[in-house]
Ligand code: AMP
Ligand code: MG
């Protein structure tokens, strides 16, 4: 299959919407990361997403809508709390897990009786949903297990020859995927995957916000994941990634004692003037770290890094999302000093 890279203009947005309507898979920019979009109601098109990514069939796809009012067409029940959250965070980087109705095929929901609903704010994704008239199923546009793509070039690298087109919308604004929540009851949201909509932001609307234990810790053997994505190794470059929770001084000492030819460190911007070993920086605060983390993981592969020591980020605000992606990239290998 020939994959065309489309520049961002009105004609190409209409063309991409036509492709989606006709059952094709297209790489589409969103404010979180690039998505691999297809008509969520077209089982064959959805199957092509799974095969292009090599994604396990039990890992459900998020369905993207132009407006939250359309959620009623695809779900069997919407709690009041979901409407309140939608008022504040839709459009935006929040995915809500709701009971699905029969219109959503089981291939899309990974066999579950629920569906994740999101209303993206990015104008390209929004316009493609509107013009195609389709709810769009879209996981991150990477090969399963690799870091998520935050620019069109990343998508082309992973998907060239596997999908019909990619629209180039420049760098993703947030750089990490949406916050995924489910509802424990009418007042309580449970974060299944942290993202740009933070726990602190959700607490402005919800009485309780639970952070699912699987966000920070490895799932215990035999336990059932609240979200299938929690089961899989994720976001991993080829290098062995090791998270280090320590002071900067202890970090430098650790690297000095374990430094090899292809050992790299991923450090904060402020660290670099005192760091004598090979390094990349990934930002000075949590939003910058979210923006750069996946790009850096891909660059470390390009450069041939075999071992990467990472300065562990703060878990406040969007930092929790960065920490969650890194701890999964490391396969839960953490050194605490
Ligand atoms: P991605 O599509 O790559 O952004 O990943 C979507 C994430 O949302 C995965 O971790 C999925 O397991 C999770 N997810 C999607 N739909 C559901 C659902 N119905 N129930 C629980 N988790 C979901
Ligand atoms: Mg993904």
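Please treat every number below as a calculation from the coordinates, not as lab data. Computed from a predicted structure; not experimentally measured. Because the Cβ atoms are built from the backbone with ideal geometry, glycine has one as well, and the counts that use them run over all protein chains shown.
How high is the relative contact order of the chain? Use alpha-carbon pairs under 8 Å, at least six apart in sequence, and give a whole percent.
Taking the mean separation of contacting Cα pairs over the length of the chain, I get 20 percent.
Write down Rg/Rh for the range 54-112, rounded to two decimals, with Rg from the C-alpha atoms and Rh from the Kirkwood relation over Cα pairs.
That ratio is 0.98, to two decimals.
Between the range 310-337 and the range 1-47, what is the separation of their alpha carbon centroids in Å?
32
Give the angle, between 0 and 90 degrees and rounded to the nearest 10, that separates the Cα long axis of helix 80-89 from the longest principal axis of the Cα atoms of the chain.
The two axes meet at around 60 degrees.
Based on DSSP, what percent of beta bridges with both residues in the chain are antiparallel, to the nearest 5?
In the chain, approximately 40 percent of DSSP beta bridges are antiparallel ones.
With just the Cα atoms defining each centre, how far is the range 235-267 from the range 268-283? Give it in Å.
Cα centroid of the range 235-267 versus Cα centroid of the range 268-283: 11 Å apart.
What does the range 189-330 give for Rg and for Dmax, in Å, if only its C-alpha atoms count?
Every Cα atom of the range 189-330 included, Rg and Dmax give 16.0, 51 Å.
Can you give me the angle between helix 43-53 and the longest principal axis of the chain, using Cα atoms only, in degrees from 0 to 90, rounded to the nearest 10?
With both axes taken from Cα atoms, the answer is about 10 degrees.
Tell me, what is a quarter of the convex hull surface for the C-alpha atoms of the range 1-106, in nm² with one decimal?
7.6
Only bridges with both residues in the range 31-184 count here: give the DSSP antiparallel percent, nearest 5.
Of the beta bridges lying entirely in the range 31-184, close to 65 percent run antiparallel.
Using only Cα atoms, locate the centre of the range 162-226 and the centre of the range 101-154, then give the distance between them in Å, rounded to an integer.
15
I'd like the per residue volume of the convex hull spanned by the Cα atoms of the range 80-228, given in cubic angstrom.
In the range 80-228, the Cα hull volume divided by residue count equals 142 Å³.
Can you tell me the length gained on complete extension of the stretch residue 337 to residue 303, counting 0.36 nm per residue apart and subtracting the Cα distance?
Roughly 9.4 nm would be gained on extension.
So if we plug the beta-carbon distance of residue 216 and residue 186 into 1/(1 + (r/R0)^6) with R0 = 41 Å, what FRET efficiency do we get, rounded to 0.05?
Efficiency computed from Cβ-Cβ geometry: 0.95.
Just the Cα atoms of the range 178-266, one point each, no solvent: what log10 I(q)/I(0) does Debye give at q = 0.12, 0.22 Å⁻¹?
With no solvent term, the Cα-only Debye profile gives -0.57, -1.06.
Please compute the Kirkwood hydrodynamic radius over the range 162-208, one decimal place, Å, based on all pairs of different Cα atoms.
So the Kirkwood estimate lands at 12.9 Å.
Taking 8 Å as the Cα distance limit and 6 or more residues as the minimum spacing, I'd like the relative contact order of the range 243-337 as a percentage.
40 percent.
Would you kindly compute the Cα radius of gyration of the range 270-337 and its largest Cα-Cα separation (Dmax), both in Å?
Final numbers for Rg and Dmax: 11.9, 32 Å.
Where does each of 234-245, 72-83 land if you order them by average Cβ count within 10 Å, highest first?
Top of the packing list down: 234-245, 72-83.
Once the mean 1/r over all distinct Cα pairs of the range 215-278 is inverted, what Kirkwood radius in angstroms do you read off?
Hydrodynamic radius (Kirkwood, Cα pairs) of the range 215-278 is 14.6 Å.
I'd like the projected area of the chain, averaged over all directions, using the convex hull of its alpha carbons. Report it in nm² with one decimal.
Across all orientations, the chain yields a mean hull projection of 16.6 nm².
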